[in-house]
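Colleague: Below you'll find the structure I mean.
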Amino acid sequence: MQTSSSRRIFLRTAGTLTGGALLARYASFFDAETRAEMLQAATAQAAPVAAMRTQIGAAPIKTTPLGERLLMLSGPGGNVIVLHGPDGKHVVDSFVQPAWGPLKTNLDGLDSGPVKMLIDTHWHFDHADNNANFRSAGATVLAHVNTKKRLSEPHDLLGMHFEPVPTAALPTETFNDKHTLQANGEQITLSYVPPAHTDTDIYVYFAQANVLHMGDLFFNGMYPFIDAGTGGNINGMILGADRALELTNARTKIVPGHGPLGDRAALARYRAMLATVRDRVRAQKAAGRTLAEVQAAKLSGDFDAAWGKGMMAPNDFIGLVYNTL
């Protein structure tokens, strides 16, 4: 007979039974009431992620040329770069799963070359969600070693629960610090940035085109999200901006993880905002102010009109800065 303690354990873990497969396998061991509660728990865990995927995935794909054989796709998730030519298509980031069909249509429309490689800038689902689809299409998936590690773990993020991705959705190749490859007349350099937005972040530089994809190290025109649960912190975000400023010049096209195409001047403004808010919050925290007191002080007030209209409201951003110092 099922004990009350085992029932509680299964109900508590039911939300991790993604896709209903394990739930269906073991449902016969439980009475109807328990099965119903387990299904409700699993559905509640999965619903926010599915809803977010659907919402993001419904956005149309917009194309911005970046140079010969190089373009930016934006809309249903983080910004995507595509390099195409005789060596096949090399893609940076991949939108969310519901956008795979429109993304594949866009890729197929460029030329007849195969999809050769997908590069993940970091582990978050709005950037790495189509790894499995790219692998099914025959592509190599390349990422920092920490991205593979994080994708292999469960996470709770922004009110959503993420289970480890299937093996077929993991990167097939990883690197630790830097990786360089040649394709379609381009030298592509991938460089790891120590914990910043997450502990998995890389930037991708196309030398001949002078184009830099920064992933979520750069949110252009909005306060950034910092994932403290996987190592993110405000000091790392500033370091990431510093490294990119050293690499770029006035002619560099800078692709942010979110927001419009930027340039070095836009990145410099972003870096100045991050550092100014960080310094103000750090001083207040060092003086013993609580988070609520720091938020009430409106330390980002002079930046809010320009940066506070994205996914992170000013007080939310202040909270991220305060808690990662």
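Colleague: Given the options ILE81, ILE56, name the one that is crowded, with 22+ Cβ neighbours inside 10 Å and in contact (Cβ under 8 Å) with a residue 40 or more places away in the chain.
Modeller: Exactly one residue qualifies, and that residue is ILE81.
Colleague: Now a separate question. From PRO102, PRO98, PRO86, which residue is touching a residue at least 24 places away in the same chain (Cβ under 8 Å) and either touching a helix residue (DSSP H, G or I) at 6+ places or on another chain (Cβ under 6 Å) or β-branched (Val, Ile, Thr) (or both)?
Modeller: Just a single option satisfies the conditions, and that option is PRO98.
Colleague: With the condition being among the β-branched types (Val, Ile, Thr), I'd like the strands (runs of 3 or more DSSP E) fully within segment 91-196 carrying at least 2 qualifying residues.
Modeller: Qualifying strands (runs of 3 or more DSSP E): 115-119, 140-144, 186-192.
Colleague: Looking only at segment 263-314, how many residues end up being touching a strand residue (DSSP E or B) at 6+ places or on another chain (Cβ under 9 Å), in contact (Cβ under 8 Å) with a residue 24 or more places away in the chain, surrounded by 14 or more Cβ atoms within 10 Å (Cβ to Cβ) and over 17 Å from ALA196 (Cβ atoms)?
Modeller: Qualifying residue count, segment 263-314: 3.
Colleague: Scan LEU110, LEU157 and give me the residue that is aliphatic (A, V, I, L, M), out of contact with any strand residue (DSSP E or B) (no Cβ under 9 Å at 6 or more places or on another chain) and either surrounded by fewer than 21 Cβ atoms within 10 Å (Cβ to Cβ) or outside the structural domain of PRO86 (by TED's automatic domain parsing) (or both).
Modeller: LEU157
Colleague: If you don't mind, another one. Pairs only if they're at least six apart or on different chains, beta carbon under 7 angstrom, first in segment 187-201 and touching a residue at least 60 places away in the same chain (Cβ under 8 Å), second of a type in the set (Gly, Ala, Ser); list them, first residue then second.
Modeller: HIS197/GLY232; THR198/GLY231; THR198/GLY232; ASP201/GLY215; ASP201/GLY240
The values are calculated or read from the model by the stated rules, or taken from the named source; none is laboratory data. These numbers come from a predicted model, not from an experiment. Neighbour counts are summed over all protein chains in view; Cβ atoms, including those assigned to glycine, are modelled from backbone coordinates with ideal geometry.
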